[in-house]
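Please treat every number below as a calculation from the coordinates, not as lab data. Keep in mind that what you see is a predicted model, and the values were worked out from it rather than measured. Cβ sites come from the backbone with ideal geometry, for glycine too, and all protein chains shown count toward neighbours.
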Amino acid sequence: MKVLIIGANGKIGQKLAKKLKSSNHHPVAMVRKKGQVSQFETMNIDTVVADLESEFEHAYDGINAVVFTAGSGGHTGPDKTHLVDRLGAKKAIDLAVKNNMDQFIMVSALGADYSPEKWPESMKHYYEAKADADKHLMQTSLNYTILKPGKLTDEDGSNNILIGDEIDQTNREIPRTDVATVIEKSIGNASTYKKSLEVLTGNTPIDQAINSL
Ligand SMILES: NC(=O)c1ccc[n+]([C@@H]2O[C@H](COP(=O)([O-])OP(=O)(O)OC[C@H]3O[C@@H](n4cnc5c(N)ncnc54)[C@H](OP(=O)(O)O)[C@@H]3O)[C@@H](O)[C@H]2O)c1
């Protein structure tokens, strides 16, 4: 599938673009600055320059599936969370419907959809935006896959995960590289369609865990 990666210059996005380049999929890296293009070009990865805060429908030309792994990040305030994580994500979903995408994979966050009383006040706007975008996606007819990783780390991947509707486990972390592999293995995989899945480091190889969903 030709896969648009929204947030390709991010930590998960870069790992995913490389993984898809050596798979049977065709990644297209969506970046928001021209200066971010060359690093992908040197790997022969197609790019499109587009910003979630402007019109970005051109990014969907020839695309079959979308991965949303963008985020305004912790260094900006609630205003950007609203514009990028909520409105940008919802626009990306609406464009996926309009352009008949085969699949939409959303990188959400563990805990975004329940226990608001547990959200720290400083993170409330973030979880609310993530939950709102997820809800919007679930109301579409798209083959959606919502992945809700726990705290992301930059450790080496273990390639072993625990994935499911709601996970009760003390370790609430997962390396970004494993999240990127979960995304790769979810593309075109009907066992992940119409599902919202928590994902953490666990004991089951990623392929096996996903195919047993
Ligand atoms: N941090 C955690 O523990 C955690 C836990 C669960 C889920 N998540 C979610 O995981 C996802 C990916 O995480 P990550 O660590 O890979 O994030 P990251 O490194 O911060 O990457 C986010 C990317 O989004 C891009 N972006 C921001 N605003 C944009 C806009 N207006 N238009 C287009 N692109 C825009 C950024 O572009 P630039 O490179 O140009 O800045 C960046 O490349 C995010 O959705 C995050 O909310 C994070």
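Figures for the structure shown
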read-out: Considering residues of the range 59-86 that are without any contact (Cβ under 8 Å) to a residue 60 or more places away in the chain, within 21 Å of Y144 (Cβ to Cβ) and under 15 Å from the mean Cα position of the chain (by Cα) only, the residue farthest from the ligand (Cβ to nearest atom); value: R86
read-out: Unmet requirement for Y144, which otherwise passes all of (1) closer than 21 Å to G73 by Cα; (2) under 15 Å from the mean Cα position of the chain (by Cα); value: (1)
read-out: Positions within the range 1-46 being within 11 Å of the ligand (Cβ to nearest atom), of a type in the set (K, R) and within 17 Å of R176 (Cβ to Cβ), in sequence order; value: K11, K15
read-out: Enumeration of residues in the range 138-165 that are within 11 Å of the ligand (Cβ to nearest atom) and more than 20 Å from V97 (Cα to Cα); value: K148, P149, G150, K151, L152, T153, D154
read-out: Selection status of F56, near the ligand (Cβ under 9 Å from one of its atoms), aromatic (F, W, Y) and touching a Lys or Arg at 6+ places or on another chain (Cβ under 8 Å); value: yes
read-out: Condition check for K135: closer than 20 Å to N171 by Cβ and either away from the ligand (no atom under 13 Å from the Cβ) or of a type in the set (A, V, I, L, M) (or both); value: no
read-out: Pair list, Cβ under 6 Å, 6 or more apart: the range 137-152 residue farther than 19 Å from N64 by Cα, other residue basic (K, R) and near the ligand (Cβ under 9 Å from one of its atoms); value: L152/R176
read-out: Residues satisfying the stated conditions in the range 87-113, i.e. within 12 Å of the ligand (Cβ to nearest atom) and either in contact with a helix residue (DSSP H, G or I) (Cβ under 7 Å, 6 or more places away or on another chain) or within 20 Å of E55 (Cβ to Cβ) (or both); value: L87, G88, A89, K91, A92, I105, M106, V107, S108, A109, G111, A112
read-out: Test: residue in the range 103-117 that is on the phi < 0 side of the Ramachandran plot, surrounded by fewer than 13 Cβ atoms within 10 Å (Cβ to Cβ) and in contact with a Lys or Arg (Cβ under 9 Å, 6 or more places away or on another chain); value: yes
read-out: Close pairs (6 angstrom Cβ cut-off, 6 or more residues apart or separate chains): over 13 Å from N143 (Cα atoms) in the range 93-110, away from the ligand (no atom under 13 Å from the Cβ) and not aromatic (F, W, Y) anywhere; value: L95/E57
read-out: Residues of the range 1-24 satisfying the condition of being small (G, A, S) and in contact (Cβ under 8 Å) with a residue 12 or more places away in the chain; value: G7, A8, G10, G13, A17, S23
